[in-house]
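Reading through the structure tokens given below for one structure.
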């Protein structure tokens with residue numbers, strides 16, 4: 001999809017509508033493949049997955065559901081908004097923990113146990129892979145993940161369905177590039193991944 005003649009807001013709405021229009025059964029199949037690709041990516045980059053701390057997210061609406069990969073990880077942390085202009089805070093999450101809805105419909109653990117993830121798995125409304133292999137993310141517009149990525153070094157992995165790929169994209173000064181993008185089709189390494 002080309003954003004040349006439309007605003008980011010309009011592009012975001014079109015991509016969300018496209019994602020929402022896919023059937024739950026189709027998304028479930030895509031989610032399983034995304035989880036397989038994430039597991040493979042983590043296994044290739046880290047020796048001990050049972051010790052890996054990953055900041056992920058609890059799915060909202062038609063976002064990819066990554067909970068299938070959670071059991072293979074050492075620790076999963078979910079993001080919490082602490083202030084509108086601050087980086088995200090990450091809270092330990094284990095299956096069965098009580099969750100509460102925060103602003104923007106985001107689910108966070110009721111037990112606020114801080115965690116320091118090494119990897120962030122970030123939901124994308126859309127994404128663009130440039131000719132220079134830079135991977136840019138179109139998110140929901142709050143800038144929370146950009147502030148978080150700017151605050152310290154993480155391995156950043158965007159997650160989206162392939163239907164969210166954008167033909168061209170002009171990053172804004174605050175936009176943080178991603179190290180990888182993972183879709184149901186596989187993992188793509190960005191130009192900044194180490």
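The values are calculated or read from the model by the stated rules, or taken from the named source; none is laboratory data. All values derive from a computational prediction rather than experimental measurement. Cβ placement follows ideal geometry from the backbone for every residue including glycine, while neighbour counts extend to all protein chains displayed.
Does any residue of the range 18-35 turn out to be closer than 23 Å to residue 106 by Cβ and assigned to a loop (DSSP other than H, G, I, E, B)? Checked against the condition, which is being closer than 23 Å to residue 106 by Cβ and assigned to a loop (DSSP other than H, G, I, E, B), the range 18-35 yields at least one hit.
Condition check for residue 25 on (1) modelled with pLDDT of 95 or more; (2) closer than 25 Å to residue 138 by Cβ: one failure, at (2). On inspection, residue 43 passes the criterion of being in a helix (DSSP H, G or I), under 30 Å from residue 115 (Cβ atoms) and out of contact with any strand residue (DSSP E or B) (no Cβ under 6 Å at 6 or more places or on another chain).
Only one of (1) touching a strand residue (DSSP E or B) at 6+ places or on another chain (Cβ under 8 Å); (2) under 27 Å from residue 174 (Cα atoms) is not met by residue 131, so which one is it? Checking residue 131 against (1) touching a strand residue (DSSP E or B) at 6+ places or on another chain (Cβ under 8 Å); (2) under 27 Å from residue 174 (Cα atoms), the one that fails is (1). One residue stands out among those in the range 167-186 that are surrounded by fewer than 20 Cβ atoms within 10 Å (Cβ to Cβ) and farther than 25 Å from residue 84 by Cα: the one that is modelled with the lowest pLDDT, which is 168.
For residue 126, indicate whether it is under 11 Å from the mean Cα position of the chain (by Cα) and farther than 20 Å from residue 52 by Cα. So residue 126 passes the test. Scanning the range 149-163 for residues that are within 13 Å of residue 135 (Cβ to Cβ), in contact (Cβ under 8 Å) with a residue 40 or more places away in the chain and surrounded by fewer than 23 Cβ atoms within 10 Å (Cβ to Cβ) yields a total of 1. Inside the range 71-98, can you point out the residues that are closer than 29 Å to residue 23 by Cβ and modelled with pLDDT under 95? If the condition is that a residue be closer than 29 Å to residue 23 by Cβ and modelled with pLDDT under 95, then 71, 72, 73, 95, 96 are the ones that fit.
The number of residues in the range 80-127 being surrounded by fewer than 12 Cβ atoms within 10 Å (Cβ to Cβ), in a strand (DSSP E or B) and without any contact (Cβ under 8 Å) to a residue 24 or more places away in the chain comes to 2. Residue 60 meets each of the listed conditions (1) at pLDDT 95 or above; (2) within 27 Å of residue 90 (Cα to Cα); (3) surrounded by fewer than 19 Cβ atoms within 10 Å (Cβ to Cβ) apart from (1). Show the residue pairs meeting these rules: Cβ distance below 8 Å; 6+ apart or different chains; first residue within the range 15-36 and over 13 Å from residue 63 (Cβ atoms); second residue part of a helix (DSSP H, G or I). Between residues of the range 15-36 that are over 13 Å from residue 63 (Cβ atoms) and residues that are part of a helix (DSSP H, G or I), the close pairs are 18/163; 18/164. Picking from residues in the range 62-79 that are in a loop (DSSP other than H, G, I, E, B) and out of contact with any helix residue (DSSP H, G or I) (no Cβ under 7 Å at 6 or more places or on another chain), the one that is farthest from residue 160 (Cα to Cα) is 67. Residue pairs whose Cβ atoms lie under 7 Å apart, sitting 6 or more positions apart in sequence or on different chains, and linking a residue in the range 54-74 that is without any contact (Cβ under 8 Å) to a residue 60 or more places away in the chain and at positive phi to a partner that is crowded, with 22+ Cβ neighbours inside 10 Å and in a loop (DSSP other than H, G, I, E, B), do not occur here.
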